[in-house]
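The values are calculated or read from the model by the stated rules, or taken from the named source; none is laboratory data. No experiment lies behind these values; they were computed from the predicted model shown. Glycine also receives a Cβ, built like all others from the backbone with ideal geometry; neighbour counts cover every protein chain displayed.
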Amino acid sequence: MNRYTLASLWAVATIALDQITKLTVFNVMEVWTGKEVIPGLFNLVHVLNKGAAWGFLDDEKINWQRPMFVAVSLVAIVVIGYMLRSVKDNDAWMISGLGMIAGGAVGNAIDRIWLGSVIDFLDFYVGTYHWPAFNIADCALTVGAGCVLLSMFFSRKTAQE
């Protein structure tokens, strides 16, 4: 399988899973509500985030987040396409990671275009400390970045041998 096919499969799978889960939350839960799933650890919630990771720039007083974050997503897709040109077809970690990052960027961009904010619904916590709510696209961005780092680590290790 070539690098473009593998990256595209990861991106499409990420977008599909992300949008299916977000649409489910959108249709089943009222905004700003939650349901305890694992007491003391995990809730399903329905929150909207105009900002970026961990609510960065999530402020109703500013209204430029939407176009900026959509533009950032488009730039990320172009950069990922450019990066894939130089990746070897056998570097599955890098290719998969770039595909997940692309899928995560598109998944959140779809929300921004559609709603003006991103639907977050996974709420992990311990006691009163809550990790900021997130979604499948955010998971893909994080795991994808981890895959890219692993690829870089393995490439460096191989080059030193």
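Could you tell me whether region 118-131 includes any residue that is of a type in the set (Val, Ile, Thr), within 19 Å of ARG66 (Cα to Cα) and crowded, with 22+ Cβ neighbours inside 10 Å?
Quick first cut of region 118-131, residues of a type in the set (Val, Ile, Thr) only: 118-119, 126, 128.
Retained after the next criterion (residues that are within 19 Å of ARG66 (Cα to Cα)): 118-119.
If we keep only those that are crowded, with 22+ Cβ neighbours inside 10 Å as well, we get 118-119.
Yes, because at least one residue in region 118-131 is of a type in the set (Val, Ile, Thr), within 19 Å of ARG66 (Cα to Cα) and crowded, with 22+ Cβ neighbours inside 10 Å.
GLY51 is checked against (1) in a helix (DSSP H, G or I); (2) under 14 Å from the mean Cα position of the chain (by Cα) and fails just one. What number does that condition carry? The number of the failed condition is (1). Every test in (1) more than 20 Å from VAL12 (Cβ to Cβ); (2) touching a helix residue (DSSP H, G or I) at 6+ places or on another chain (Cβ under 9 Å); (3) of a type in the set (A, V, I, L, M, F, W, C); (4) without any contact (Cβ under 8 Å) to a residue 24 or more places away in the chain is passed by LEU44 save one, and that test is (4). Residue check: ARG3 meets all listed conditions (1) farther than 24 Å from PHE153 by Cβ; (2) among the charged types (D, E, K, R); (3) surrounded by 12 or more Cβ atoms within 10 Å (Cβ to Cβ); (4) at pLDDT 95 or above but one, namely (1).
Of all residues assigned to region 17-25, none qualifies as being out of contact with any Cys (no Cβ under 9 Å at 6 or more places or on another chain), of a type outside the set (Gly, Ala, Ser), assigned to a helix (DSSP H, G or I) and modelled with pLDDT under 95.
The set of residues in region 26-48 being among the aliphatic types (A, V, I, L, M) and in a loop (DSSP other than H, G, I, E, B) consists of MET29, VAL31, LEU41.
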